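Reviewing the structure listed below.
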Amino acid sequence: MSYWELVCEQLKVKEILNIFLSNRRVPHAFVFSGPGGVGKFNTALQFCKLLYTSFNGAEHENAVKLISNLQEPVLKYIIPLPRVRGEDAEYSSLDKLSKEQIESYQSEILKKISNPYHKIFIEDANTIKISSIREIKKFINTSFNEFPYRFIIIDDAHLMNEQSQNALLKSLEEPPEGYFFFLLTESKVKLLPTIISRCWNLEFDSLSVNAVKNILINNFEVEPELASKTAQFSEGSIHSAIFLLNYNINVILENIISILRYSFGKRYYSAIKELNSSLVNQNLDEIKLIIRLIKIWLNDILKKKYSITEYYFSDFIDSIEKFSDKYGSSRIEILYDKLSFLEEKCEMNLNLNVLFLNLIFELRGLILRN
């Protein structure tokens, strides 16, 4: 089996990477950008293995085994970690973590090794610490002649602060031959221009509904019928699909309808309470998903206007038809744009309660304008 067969879709990205391989001129650093849960990590991992296909026997097998297990000295994998008191430059990235945090880290890494589409979650891990970046220099300066290629993968690279990015810049400027960097991000705009300019930038697309369905079945052992329904609402993201599954997709769709009903009915406290109950981890990624689901519901309203009956919210046809009959759809496009703008505001790290109120008042505003 070709390593590329393990990467679902992303044909344009694979084509460009194949050109680098065939020309034997691979850039020393990449930025892989695009939505979360579309295969950026898996693509980086399989590309690392492909670089070793020119070697035979034990050298190739040993390198591929270490890459698959995210193990040094071939691969250094950097992820966001919790910040704790008493940390300074003398400590490694894991030194000051509690026993529970270390266990969580180890557990999540094992899940990532087993399933490259797994989204790592460690409580309070919201930054890539400068200690993690400084460890790259030590990794580079330690020689292993038996491994001609070595790799650094930085997941959620946009969570580096400016100090961490400047530290990384020093390693990117003049890396030794045979070292390759992969910066994976959902928000390339948060990376310093000086970093982006030193990397080859590749944009990843959202996955198709069928691709999401197949990954859910094959990588997460989800029943085909449930995988198919979840994929419809995932917007091409495995991370979004898993959130819907973890919460129970049927419950969250019912919550969306309740949020809309309470907002339209001026029952703001009830709408906020329902919105709060829809968030498992109380973070911005989840509120963005809620906004996207509401946009999908609005899209169903527009389908009703044009007599298209293939609804996403097919279990709630009565709600769609009642809303359309009562309020019409003349302002749906405007609200859709406003929600898209609100979704962008999530990137500004605004307070969740502020986002809640903005969302509810925008929904209510549709009724007032109609």
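Summary table
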| quantity | calculated |
| --- | --- |
| Sequence-separation-based contact order of the chain, relative, with Cα cut under 8 Å and 6+ spacing, percent | 17 |
| Longest DSSP-loop-exposure-free segment, GluC sites (Glu not before Pro), the chain, at most 11 other Cβ within 10 Å | 1-89 |
| 0 to 90° range, to nearest 10: angle between helix 162-173 axis and the chain longest Cα axis | 40 |
| Where the chain is the region considered: accessible area per residue in Å², 1.4 Å probe | 50 |
| Computed over segment 217-347: relative contact order in percent, which uses C-alpha pairs under 8 Å that are six or more apart | 19 |
| Along each principal axis, Cα extent of segment 66-197, largest first, Å | 38, 32, 31 |
| Dipole magnitude of the chain, debye to nearest 20 (Cβ charges: Lys/Arg +1, Asp/Glu -1, about Cα centre) | 820 |
| Extended-chain gain in nm, criterion 0.36 nm per residue less alpha-carbon gap, Asn18 and Asp95 | 23.8 nm |
| Cut-off 15 Å between beta-carbons: net charge of the residues surrounding Phe41, Lys and Arg +1, Asp and Glu -1 | +2 |
| For segment 131-246, Kirkwood radius (reciprocal of mean inverse C-alpha pair distance, Å) | 16.7 |
| FRET E, pair His60, Glu344, Förster distance 51 Å, beta-carbon r, rounded to 0.05 | 0.70 |
| Under DSSP loop assignment and at most 13 Cβ neighbours within 10 Å, longest chymotrypsin sites (Phe, Trp or Tyr not before Pro)-free interval of the chain | 145-305 |
| Percent of Cα pairs exceeding the 14 Å cut-off, where the set is segment 110-183 | 66 |
| Positive-end residue, segment 245-346 charge dipole about Cα centroid, Cβ charges, pick of Leu293, Ala271, Ile317 | Ala271 |
| Rounded Å value of the spacing that divides the Cα centres of segment 109-161 and segment 1-43 | 18 |
| Column: log10 I(q)/I(0), Debye, Cα scatterers of the chain, q = 0.10, 0.11 Å⁻¹ | -0.71, -0.84 |
| Helix-only mean residue ellipticity at 222 nm for the chain, each DSSP H run of n ≥ 4 adding -39500 (n - 2.57), per residue, nearest 500 | -17500 deg cm²/dmol |
| Of all accessible heavy-atom area on the chain, the percent that carbon and sulfur account for (1.4 Å) | 48 |
| Dipole axis of segment 201-305 (+1 Lys, Arg; -1 Asp, Glu on Cβ), positive-most option in Phe204, Asn214, Ile259 | Ile259 |
| Between helix 268-277 and the chain: long-axis angle, C-alpha atoms, 0 to 90°, nearest 10 | 30 |
| DSSP-loop trypsin sites (Lys or Arg not before Pro) across segment 208-291, with at most 13 other Cβ within 10 angstrom | Lys266 |
| Mean projected area in nm² (Cα convex hull; one quarter of hull surface) for segment 1-82 | 6.5 |
| Beta bridge orientation in the chain: antiparallel %, DSSP, nearest 5 | 5 |
| Coordinate range along principal axes, alpha carbons of segment 261-302, Å, largest first | 32, 23, 10 |
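The values are calculated or read from the model by the stated rules, or taken from the named source; none is laboratory data. Keep in mind the model is a prediction, meaning the values are calculated, not measured. Counting neighbours? That spans all protein chains shown, and the Cβs are built from the backbone with ideal geometry, glycine included. These area figures cover heavy atoms from the full protein model, side chains too; ligands, DNA and RNA do not enter into them. Shrake-Rupley method; radii C 1.70, N 1.55, O 1.52, S 1.80 Å.
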